[in-house]
Amino acid sequence: MNDNNLTQNEVIAAFRTLFSFGSEVGASTLDTIDLAEIKKAYRKRALATHPDRFAGFSEGYQKARSEQFIVVNDAYTTLSSFLKMKQENGFSLEQDSRQPSTRSWKNTGFYQRKAENGPYSKPHGRDAFSSFYWQKVPPQRPLRFGEYLFYSGAIPWSLLIKAIVWQRSQRPRLGEIAQSWRWLTEAQIKILLRNRRPGERLGEILLRYSVINSFQLRLLLSHQQRIQKPFGSFFVHNRLFTEAQIKRYLENQKRHNLRYERTRARA
């Protein structure tokens, strides 16, 4: 099997992840899907598993949901790649006749490719699309740093998601901040969480029970974001970029944002 080819089992597994399809999925089913359906299913599943929805839950539950979020994004990357290659190259799936090759692009992680290829460099050809790099002009609007890295082609979509999940996992919990400010005790937080509505965050619970007001919630959230680890730390920590490279990207992001902020101000 060519290292860059997808196998049928990989595409079927991705289809089941996005569409919650439990029964048998055949080649005819895969032939009928289109990009609009994939995007619609992805948005629904990503919203249901996004880490922000579970900020007030236990650490173990948040970790499990974060892992599900990564799986959903990997499934979207797989199906998008399959559809793109099928439309442009007449790509056909390989039937798995034995254990999938550990050298296929889907099983070779970003970190393993980095170790094999030495210093980080953007892959080329079909592998570049498989990693889901942005292939168009960056959006003409201000961008957050992670968005800028992705839209500038510096990182693939899958790595952007991993960096987001990492940053949020490093962020102190809202309840911990409230305890450190002596607004709440641990016992009070546990009681409030037991009365949580489905999908409700701790901040929303505190407002519902009038424990804090909206201004105090904004203070908590602002402090939480201010003390979290910088987004670029993920890439430095994993030796994907140096601090100097991150600094240059931040400067480029600032110039990009200034350009469109000025355009908006003149409008």
Next on the checklist: Restricting to region 168-187, give me the number of residues that are buried (at least 16 other Cβ atoms within 10 Å of the Cβ) and part of a helix (DSSP H, G or I).
Outcome noted: 5
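Here are some residues: Gly153, Gly118. Which one is at pLDDT 80 or above and on the phi > 0 side of the Ramachandran plot? Working first, answer last.
Details: Gly118 fails: at pLDDT 80 or above.
Every option except Gly153 fails the conditions.
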Item to check | Hits in region 179-206 - residues which are within 15 Å of Asp52 (Cα to Cα) and free of Cβ contacts under 8 Å to residues at least 40 places away in the same chain | outcome: Pro198, Glu204
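Residues to consider are Arg264, Arg218; find the one that is modelled with pLDDT under 90 and part of a helix (DSSP H, G or I). Lay out the reasoning, then the answer.
Numbers: Arg218 fails: modelled with pLDDT under 90.
Criteria check complete, one pass: Arg264.
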Item to check | All positions within region 192-208 that are loosely packed, with under 12 Cβ neighbours inside 10 Å and either of a type in the set (Phe, Trp, Tyr) or not in a loop (DSSP other than H, G, I, E, B) (or both) | outcome: Arg194
Item to check | Selection count, region 233-250, where residues are touching a Gly at 6+ places or on another chain (Cβ under 8 Å) and in contact (Cβ under 8 Å) with a residue 40 or more places away in the chain | outcome: 3
Checklist outcome for this item: Taking region 226-240 and keeping only residues that are in a helix (DSSP H, G or I) and of a type outside the set (D, E, K, R), one is left with Ile227, Ser233, Phe234, Phe235, Val236, His237
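If you check Tyr249 against the conditions, is it surrounded by fewer than 15 Cβ atoms within 10 Å (Cβ to Cβ) and at pLDDT 90 or above?
Working: surrounded by fewer than 15 Cβ atoms within 10 Å (Cβ to Cβ): no; at pLDDT 90 or above: yes.
No; evaluated as a whole, the condition is false for this residue.
Where residues in region 215-234 are farther than 25 Å from Gln140 by Cβ and among the aromatic types (Phe, Trp, Tyr), which of them is surrounded by the fewest Cβ atoms within 10 Å (Cβ to Cβ)?
Phe215
The values are calculated or read from the model by the stated rules, or taken from the named source; none is laboratory data. Just so you know, these numbers come straight off a predicted model, no measurement behind them. A quick note on method: Cβ atoms are made from the backbone with ideal geometry, for glycine too, and the neighbour counts reach across all protein chains shown.
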